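Beneath this line is the structure, given in structure tokens, with notes to follow.
The values are calculated or read from the model by the stated rules, or taken from the named source; none is laboratory data. Keep in mind that this is a model prediction, so the values were computed, not measured. Neighbour counts are summed over all protein chains in view; Cβ atoms, including those assigned to glycine, are modelled from backbone coordinates with ideal geometry. With ligands, DNA and RNA removed, areas are computed over all heavy atoms of the protein, side chains included. Shrake-Rupley method; radii C 1.70, N 1.55, O 1.52, S 1.80 Å.
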Amino acid sequence: MGLGDHRRLITVSDPDALAQTAAERLLTRIAGNPGRIAICLTGGSSPKRLYGLLAQDPYRRRIPWERVHWFIGDERLVAPGDPLHNMSMAREILLDRCAPADNIHPIPTDHPSPDECARRYERELKSFYGAEQPDPAKPLFDVVLMGAGPDGHTASLFPGYAALDERARWVVGVPTAPVEPHVPRVTLTFPALEACREMLFEVAGGEKRAILTRLLAGENLPANRAQSVGETVWLIDKGALPESFGGE
């Protein structure tokens, strides 16, 4: 089912099928790039099953780990290892088991200012990319994984926040968050997130049905503003999908 001009909705039966479908899509993108590969991960509960699958065979054997670099779309300003730290979850389940240490690119959280942490991560992204401005013909990321929060936020781009309209900076600090946990954040902005071959949303569970109803109705929420320069896919399990909507 189409969503706007560039989005596609794919429905699956349950969270396990969602993780398997996401893994296959990610591996297809990896296989399609014979050079250096960049994946932007997401935090929260939705991707845990996906990360667990990728850490196991047969998926693990299909990833050319030496060529894949791992970034993250947003981070809470807490120390690595803290249960709230997004990249620590991905590292524990997947990256520290499989990826070379030099290929893991966490957002720094060792400075009290989220703006300073954002500046440092932006410098790292631009150094990796090799340019100051994203070129639609040369995406920064092969895949950007995304989710949708209960208020329609994605990454740490919240409704009504100035960061939604940021077009110059690739990464910004978020001093306060309107949802739990109420800690400062660092987030990639739309110019960086959309610079990808595929943006893949994962939405699962009945607790997401209310916000998904609003999103699929076209409400002006951050998750609805996130669009890849390539393909944007919303991968949704039947528990989250409103009854009035279908899918592939």
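Annotations for the structure displayed:
- Packing around the peptides 54-62, 74-82, taken as the average count of other Cβ atoms within 10 Å per residue, puts them in this order, highest first: 74-82, 54-62.
- Normalised contact order of the chain, rounded percent, pairs of Cα under 8 Å and 6 or more residues apart: 26
- By the rule of a C-alpha distance below 20 Å, with chain neighbours fewer than 8 residues away ignored, the lysines paired with LYS238 are LYS48, LYS208.
- Solvent-accessible area of ARG8 with every protein chain in place, 1.4 Å probe, in Å² to the nearest 10: 70
- Remark: accessible surface ordering of HIS111, HIS182 (largest first) is HIS182, HIS111, probe radius 1.4 Å.
- Exposure of ARG120 as accessible area (Å², to 10), given a probe of 1.4 Å and all protein chains: 80
- Three-way shape call for segment 152-214 based on the alpha-carbon gyration tensor, with the a/c threshold at 1.5: oblate
- Average accessible surface area per residue within segment 41-196, 1.4 Å rolling probe, Å²: 42
- With the convex hull drawn over the C-alpha atoms of segment 169-248, the volume per residue is 108 Å³.
- Protection proxy ranking of 14-25, 131-142, by the mean of other Cβ atoms within 10 Å over each peptide's residues and highest first, is 14-25, 131-142.
- Cα gyration tensor, segment 24-73 - rounded (a/c under 1.5), prolate or oblate: oblate
- Taking a ≥ b ≥ c as the square roots of the eigenvalues of the alpha carbon gyration tensor, segment 94-164 is rounded, as a/c is under 1.5.
- Exposure ranking of ILE39, ILE93 by accessible area [1.4 Å probe, largest first]: ILE93, ILE39
- Heavy atoms of PHE190 accessible to a 1.4 Å probe, total area in Å² rounded to 10: 10
- Square roots of five times the Cα gyration tensor eigenvalues for the chain, Å: 24, 22, 18
- Excluding same-chain neighbours fewer than eight residues apart, the lysines reachable from LYS126 by a Cα-Cα span under 26 Å are LYS138.
- Percent accessible area from carbon and sulfur atoms, the chain, protein chains only, probe 1.4 Å: 49
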